[in-house]
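The structure appears right after this line, and notes come after that.
The values are calculated or read from the model by the stated rules, or taken from the named source; none is laboratory data. As the structure is a computational prediction, the values presented were derived from the model and not from experiment. No Cβ is skipped: glycine too gets one built from the backbone with ideal geometry, and neighbour counts run over all protein chains shown. With ligands, DNA and RNA removed, areas are computed over all heavy atoms of the protein, side chains included. Shrake-Rupley method; radii C 1.70, N 1.55, O 1.52, S 1.80 Å.
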Amino acid sequence: MDAAPQDFTRVLSSMCTVPHPDARDAAATFLADNPGDPATYPAVSELEDEVVGMLGEITNLDDPQGYVASGGTEANMQAVRAARDLADTDSPNVVAPESAHFSFPKAADVLGVELRLVPVDDDRRANLDAVQAAVDSDTAMVVGVAGTTEFGRVDPIPALGDVAADADALFHVDAAWGGFCLPFAEYDWDFADAPVDTMTIDPHKMGRAPIPAGGFLARDASVLDALAVDTPYLETTGQATLTGTRSGAGVAGAHAAISALWPQGYRENYERGMENARWLVSELRSRDYDAIDPTLPLVAFDLPPGEFDALRERDWRISRTASGETRVVCMPHVTREMLTDFLAALDDVRAG
Ligand code: 0PR
């Protein structure tokens, strides 16, 4: 094989990053272990329980329920599935801001649930009035996003939770990308003081775990019970995950990454990412580009299509939002030197 893995020195669009070295080693060690069969592979299963405990610590949830999923898509889908099955209606709907990740339309399609996407406000956060207006007695779940895919915005989580509680619906927070930043950012909520029922928080994004390592957390065991099916011929008698065979590499890698980085390493990643994001915004503005103030380490700015294409041709991996802004995600591998090189390339493209 002469294919080489992606070189990260020009990757600015990804929500994945270079795994922590300990995570890489742990992943290789547990490559053949299947956490989907805890009775046969008890060691990796124990690691998974510990990862769930660690994710509970990060999100401030005592006695967390959950598991290491294949990614945010599976975790969001499972949240919708549990809500659908726990809701007392034959025609359940899910209310989410239009900024929600495209895993929600996938989940709604697979699960036969109506998805009501509602507008966001001027700052691209869920509009509470619009959410309130969309909720009715068939609403099984309300979704809040803590770190949107396109703009890194954090919805008004406690207030959305209150809307969900009033409607007797479950409240799910998608912190797939933002989850490892939130403990250090200025938000006055977590599992302990907001009415959050389920959460997605992915170690394979900001957590520096290898792929596949998503995180699905639930406050209440009834959510996992709703997801569990009987597994008659395995020694363990039920399985709540969506996938069957799963990667021990993801579980062990997540365990090693979180053990190495929580909390100080994640704090440093967050602070460095924010400093880089703010610096990039000021550099872009000094060149007369419109750039949006970052709330988490993600920069979105207006770049003419010709310049975007020219940078892509120079191997810069950048992507665009649906409304056309160019995104730079300040992941742990994105250094000030990389951003300096990127701006030099941009200046060069502008000079023609
Ligand atoms: N929720 C949010 C808020 C997300 O941003 C994402 C993925 C998901 C859920 C789904 O997670 P999985 O992709 O793990 O199932 N956000 C990125 C996106 O769709 C994922 C991504 C990651 C894209 C790395 C590109 C890439 O190189 O843009």
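So is residue 8 among the aromatic types (Phe, Trp, Tyr) and farther than 30 Å from residue 151 by Cβ or not? Here the answer is no, as residue 8 does not meet what is asked.
Checked against the criterion of being part of a loop (DSSP other than H, G, I, E, B) and among the aliphatic types (A, V, I, L, M), the candidates 28, 4 yield just one match: 4.
Filtering region 301-323 to residues that are away from the ligand (no atom under 16 Å from the Cβ) and not in a strand (DSSP E or B) leaves 302, 303, 304, 305, 306, 307, 308, 309, 310, 311, 313, 314. For region 127-139, the candidate set comprises residues that are open to solvent by less than 70 Å² (accessible area, probe 1.4 Å) and part of a loop (DSSP other than H, G, I, E, B); within that set, the residue that is farthest from residue 90 (Cα to Cα) is 127.
Restricting 267, 272 to those that are open to solvent by 40 Å² or more (accessible area, probe 1.4 Å) and over 18 Å from the mean Cα position of the chain (by Cα) reduces the list to 272. Criterion applied to 231, 198 was being crowded, with 21+ Cβ neighbours inside 10 Å, among the hydroxyl-bearing types (Ser, Thr, Tyr) and touching a strand residue (DSSP E or B) at 6+ places or on another chain (Cβ under 7 Å), and the one residue passing it is 198.
Taking the stated definitions as given, is residue 261 closer than 30 Å to residue 47 by Cα, modelled with pLDDT of 95 or more, crowded, with 20+ Cβ neighbours inside 10 Å and out of contact with any helix residue (DSSP H, G or I) (no Cβ under 6 Å at 6 or more places or on another chain)? Considered against the rule, which asks whether it is closer than 30 Å to residue 47 by Cα, modelled with pLDDT of 95 or more, crowded, with 20+ Cβ neighbours inside 10 Å and out of contact with any helix residue (DSSP H, G or I) (no Cβ under 6 Å at 6 or more places or on another chain), residue 261 comes out as yes.
Only residues that are among the β-branched types (Val, Ile, Thr) and either under 22 Å from residue 152 (Cβ atoms) or at pLDDT below 95 (or both): list them for region 294-352, please. Those that are among the β-branched types (Val, Ile, Thr) and either under 22 Å from residue 152 (Cβ atoms) or at pLDDT below 95 (or both): 295, 299, 318, 321, 326, 328, 329, 334, 335, 340. Residues satisfying the criterion are absent from region 224-231 (criterion: touching a residue at least 40 places away in the same chain (Cβ under 8 Å) and within 16 Å of the ligand (Cβ to nearest atom)). For region 161-183, a residue qualifies if it is open to solvent by 30 Å² or more (accessible area, probe 1.4 Å) and within 13 Å of residue 59 (Cβ to Cβ), and exactly one does: 183. Residue-level check: of (1) modelled with pLDDT of 95 or more; (2) away from the ligand (no atom under 15 Å from the Cβ); (3) open to solvent by 10 Å² or more (accessible area, probe 1.4 Å), residue 62 misses just (1).
Please determine, by comparing only the residues of region 70-126 that are open to solvent by 30 Å² or more (accessible area, probe 1.4 Å) and assigned to a strand (DSSP E or B), which one is farthest from the ligand (Cβ to nearest atom). If we take residues in region 70-126 being open to solvent by 30 Å² or more (accessible area, probe 1.4 Å) and assigned to a strand (DSSP E or B), then 114 is farthest from the ligand (Cβ to nearest atom). Applying the condition of being free of Cβ contacts under 8 Å to residues at least 24 places away in the same chain and of a type in the set (D, E, K, R) to region 46-61 and asking which residue is nearest to residue 264 (Cα to Cα) yields 49. The test for being buried (at least 18 other Cβ atoms within 10 Å of the Cβ), charged (D, E, K, R), away from the ligand (no atom under 11 Å from the Cβ) and in contact (Cβ under 8 Å) with a residue 24 or more places away in the chain does not hold for residue 153.
Restricting attention to region 8-21, the residues being within 17 Å of residue 319 (Cα to Cα) and either near the ligand (Cβ under 8 Å from one of its atoms) or without any contact (Cβ under 8 Å) to a residue 12 or more places away in the chain (or both) number 5. Taking only region 154-166 into account, find how many residues are touching a Leu at 6+ places or on another chain (Cβ under 8 Å) and either under 30 Å from residue 319 (Cα atoms) or assigned to a strand (DSSP E or B) (or both). Of the residues in that region, 3 qualify. For region 210-241, which positions are modelled with pLDDT of 95 or more, more than 16 Å from residue 49 (Cα to Cα) and part of a loop (DSSP other than H, G, I, E, B)? Scanning region 210-241 gives 210, 211, 212.
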